[in-house]
Amino acid sequence: MASVIRHRTIVEDSWQPLEADPWLRVGESGLVPDFPVAGDLLVPLRLWQLRRDDLIARDGRLGLLIEGWDEPENFADALPRLQLVAIHVPQFADGRAYSLARILRQRHGYAGELRAFGDVLRDQLLYLSRCGFDSFALRDPGRAEESLAAFRELAAALRRPYAWQRAA
Amino acid sequence: MYTYDDVDQRLVEERVAQFRDQTRRYLAKDLSEDEFRPLRLQNGLYLQRHAPMLRVAIPYGLLSSRQLRTLAHIARTYDRGYGHFSTRQNLQFNWPRLEDVPEILAELAVVQMHAIQTSGNCIRNVTTDHFAGVARDEIVDSFVWCELIRQWSALNPEFAYLPRKFKIAVNGAAADRAATFAHDIGLHALKNGAGEVGFRVIAGGGMGRTPVIGHVIREFLPWRHLLTYLEAILRLYNRYGRRDNKYKARIKILVRELTPEAFREKVEAEWLQLADGPATLSEDDVRAIEARFERPPYQVLADATVAALGACGAWMKRNVHPHKQPGYAAVSVSLKKTGVPPGDVTAAQMDAIAALADRYAFGELRVSHEQNLVFADVRQADLQDLWRELRALGLATPNIGLLTNIISCPGGDFCSLANAKSIPVAEAIQRRFDDLDYLHDIGELDLNLSGCMNSCGHHHVGHIGILGVDKHGEEWYQITIGGNQGLTRPGAPAALGQVIGPSFARDDVPGVIERLIEAYLARRESDDERFVDTVWRIGIEPFKEKVYGKRHQAQDHRRRQLAAA
Ligand code: SF4
């Protein structure tokens, strides 16, 4: 079982006991039509688009895998049914996930778990979290423990007196 | 001068602690070169040809004497005793050791300074008119707005990993002294018919490989919406700016690919979602920032006509500027003495300038994007004394606005990206034009020099621009004429220079400049017509002819023959 950082603590993601990764990944290409009918399932956007009704009908929680450049309009209809949105970070210096997270939180009111996965490193955790991510699958899960300190950096920013300052 | 509040202070201190830890982990090989790069860049640290380079932010060019003394101390302790003022109102140290940088940043934090986001693919130090707050043609004092932008952009978590660097300039006067059309975003602070403050928003300007004059995307943005509108532009850029090719990653390319009209529509649509959101400003917000600015306690004086002759007279004419407060003047401290690299200052000079600022200018100074310093508030009665002291320090060269006030990047002597050196070229030109009477007769002329296409010396917008190019491993120089940094006088908008022809070897450059000047002097209609005005009136052909002579004519002749055949 891989560990992830969720709400600033290291947790074993143990919803789905069958796999090392509790979220069973299905068909990156979206062409694999089959998926388990129960359990927590993390599906690519394409599969959601192809099998929307079947996915809604199944038991268990549902998560969506998206890329930083995906358009929220393409999956806004899924948001109310999702317990997890996992945004892929292809390269740690690719900043698109940051803006997408803000849009999901602020514009679409998404309140479920928002996870960054891929090239996710300790020194980006702070800003990612301030943009709305609350869950992180590190590139190197073994470094989760030492990475927690990142959340304590630049704490003064949260104590800024004016709303416009905190909005940044 | 803006004074930090407790949170501002805490933030820069926490930033130092963060970077200290990052540097430690890098040196311990916990962080790879690639992983460390954006972290150090966002703390101002480049790794250059000879040594690291640390770029210290001087937000909107405003500096206190106390801060300048700290910079002098850093230059002496961690560097080789000098610093270099850049075209973006920053100060660069060229020789610090990586291991020392956290300590240097800690020393800066003590005097409310930092190096946050002075490089890297993020929102850079905001720049403005070096006469903000004192210029007679000022419409809106830009400092408060610059400080708001500084606070909003510094450590903004959403925009730390943009496709490319992002530069914002603000100008609040009739004349554009901040080159707003050559920035990713340019803002003109102005007032509408009802006297309310707002901004004309310009986007997509820039230099570099593909120079572009920015497009006005909004004529009047009420001040409350300043930050949400910036947020909309930055968010669009962050999401849609190209990341596949770093030469096409600036916002100007996005604006061009979408077309300015479509870009404007997208910005407005995004902004509609953000308008009146949490980043909307209230009067209290602005007042609170304004209250942290200490303004000079002016005396009630009358304007005096200061009669000065000779060298002091020349200095008064070129380096002293009108002030909106009667009895006061702004003074340019020229960092363009022949033989000194443009923008360079020694630690001893910094200390001396700080002392002069205390005695003559309320302890404040500004850095201009022309790489000079400015005492913004000097009593007219003190001008002659100040001149004497500056002259003794070698800082009274009366050349502001003239040909030898060369704007130059550090070039091949320091910068690892350079195609060619720039400092020796600047010096050779200064030597060629060392006759002061001749220089003053030539009149206003911006000469800008960049060592490569990155255009740190803003050569595209120089009346004369010089660009270092690489020809089969040799250093050559391409020359443009007719550029202009912005609406500095009515009818003279921002413009990009045109290339006059094939490039030149280094030794030929001063001679070429001389011939351009001769062509101008022979054709100008009056003493008031500047070099660039003449270029605009008659076109570049007569200048080409003067420079390339018969060869050029012969080529043209052949081309005509070919065309006729
Ligand atoms: S223009 Fe080129 S050579 Fe000059 S400082 Fe910039 S990158 Fe370096």
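The values are calculated or read from the model by the stated rules, or taken from the named source; none is laboratory data. In this text the structure is predicted, and so the values were computed from the model without any measurement. Glycine gets a Cβ as well: all are built from the backbone with ideal geometry, and neighbour counts include every protein chain shown. Keep in mind that these areas ignore ligands, DNA and RNA; they rest on the heavy atoms of the full protein, side chains included. Shrake-Rupley method; radii C 1.70, N 1.55, O 1.52, S 1.80 Å.
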(message) Just to be sure I understand the curve: with the Debye formula and one point per C-alpha of chain A, what is log10 I(q)/I(0) at q = 0.13, 0.17 Å⁻¹?
(response) -0.64, -1.06
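What per residue convex hull volume, in Å³, do the alpha-carbon atoms of segment B:407-564 yield? The partial results should precede the final answer.
Numbers: hull volume 20.2 nm³, N = 158.
Per-residue hull volume (Cα only) is 128 Å³.
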(request) Note down the net charge around A:Arg102, summing +1 for each Lys or Arg and -1 for each Asp or Glu among other residues with Cβ under 10 Å from its Cβ. (result) +2
(message) Per residue of segment B:196-202, what does 6.51 cos²θ - 1.76 cosθ + 1.60 with θ = phi - 60° give for ³J(HN,Hα)? Whole Hz please, x for Gly and Pro, Karplus curve as stated.
(response) 7, 7, x, 9, 7, 10, 10
(message) Please report the spacing between the Cα centers of segment B:254-317 and segment B:384-440 in Å, no decimals.
(response) 28 Å
(request) Take the alpha carbon atoms of segment B:6-110, find their radius of gyration, then divide it by 2.2 N^0.38 Å using N residues; give the quotient. (result) 1.05
(message) Quick check: net charge around B:His458, other residues with Cβ under 10 Å of its Cβ, Lys/Arg +1 and Asp/Glu -1?
(response) -1
(request) Identify which of A:Ile66, A:Ile87, A:Ile56 has the largest mean-square fluctuation in a Gaussian network model of chain A, with springs joining Cα atoms closer than 10 Å. (result) A:Ile56
(message) For the interface of chains B and A, what total accessible area is buried with a 1.4 Å probe, rounded to the nearest 100 Å²?
(response) 3600 Å²
(message) Let me check I have the definition right: for segment A:31-129, take the eigenvalues of the Cα gyration tensor, multiply each by 5, take square roots. What are those semi-axes in whole Å, largest first?
(response) 24, 14, 12
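Which whole-number percentage describes the relative contact order of chain A, with Cα contacts under 8 Å and a sequence gap of 6 or more?
19 percent
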(request) With unit charges on the beta carbon (Lys/Arg positive, Asp/Glu negative), name the residue among A:Phe117, A:Phe133, A:Leu41 whose Cα is farthest towards the positive pole of the charge dipole of chain A. (result) A:Phe133
(request) Using only Cα atoms, locate the centre of segment B:146-173 and the centre of segment B:508-537, then give the distance between them in Å, rounded to an integer. (result) 38 Å
(request) Could you work out the relative contact order of chain B, using alpha carbon pairs under 8 angstrom and six or more residues apart, expressed as a whole percent? (result) 12 percent
(request) Would you please classify the overall shape of segment B:55-179 from the alpha carbon gyration tensor, given that a ≥ b ≥ c denote the square roots of the eigenvalues, rounded means a/c under 1.5, and beyond that prolate means a/b larger than b/c while oblate covers the rest? (result) oblate
(request) Give me the percent of DSSP beta bridges within chain B that run antiparallel, rounded to the nearest 5. (result) 80 percent
(message) Can I get the semi-axes of segment B:330-488's equivalent ellipsoid? Compute them from the C-alpha gyration tensor as square roots of 5 times the eigenvalues, in angstrom, largest first.
(response) 30, 17, 14
(message) I need the semi-axes of the equivalent ellipsoid of segment B:399-457: take the C-alpha gyration tensor, multiply each eigenvalue by 5, square-root it, list largest first in whole angstrom.
(response) 24, 11, 6
(request) Post the alpha-carbon centroid distance, segment B:74-124 to segment A:125-168, in whole angstrom. (result) 26 Å
(request) In whole Hz, with x marking every Gly and Pro, tabulate ³J(HN,Hα) for segment B:100-106 from phi via Karplus 6.51 cos²θ - 1.76 cosθ + 1.60, θ = phi - 60°. (result) 8, 4, x, 5, 4, 5, 5
(request) Scan around B:Phe504 for amide H atoms under 5 Å from its own, H built in the peptide plane at 1.01 Å from N, and keep only partners 5 or more places away or cross-chain. (result) B:Tyr477, B:Gln478
(request) Determine, for each peptide in B:30-42, B:136-148, the mean count of other beta carbons within 10 angstrom over its residues, then list the peptides with the highest first. (result) B:136-148, B:30-42
(request) Quick one: compute the contact order of segment B:6-110, relative version, from alpha carbon pairs under 8 angstrom and 6+ residues apart, as a percent. (result) 30 percent
(request) Could you pull out every Cys in chain B that lacks a partner Cys with its beta carbon under 4.7 Å away? (result) B:Cys122, B:Cys146, B:Cys312, B:Cys415, B:Cys452
(request) Working from Cα positions, state the angle (0 to 90°, nearest 10) between the long axis of helix A:45-57 and the longest principal axis of chain A. (result) 60 degrees
(request) Classify the protein assembly as shown as rounded, prolate or oblate from the Cα gyration tensor: take a ≥ b ≥ c as the square roots of its eigenvalues, call it rounded if a/c is under 1.5, otherwise prolate when a/b beats b/c and oblate if not. (result) prolate
(message) Could you tell me what a quarter of the Cα convex hull surface of segment B:144-290 works out to, in nm² with one decimal place?
(response) 8.8 nm²
(request) Please work out whether segment B:469-528 counts as rounded, prolate or oblate from its C-alpha gyration tensor, where a ≥ b ≥ c are the square roots of the eigenvalues and a/c under 1.5 means rounded, while otherwise a/b larger than b/c means prolate and anything else oblate? (result) oblate
(message) Per residue of segment B:298-306, what does 6.51 cos²θ - 1.76 cosθ + 1.60 with θ = phi - 60° give for ³J(HN,Hα)? Whole Hz please, x for Gly and Pro, Karplus curve as stated.
(response) 5, 8, 7, 10, 10, 5, 10, 8, 8
(request) Note down the Stokes-Einstein diffusion coefficient of chain B in µm²/s, whole number, using a Kirkwood radius over alpha carbon pairs, 10 °C, and 1.306 mPa s. (result) 65 µm²/s
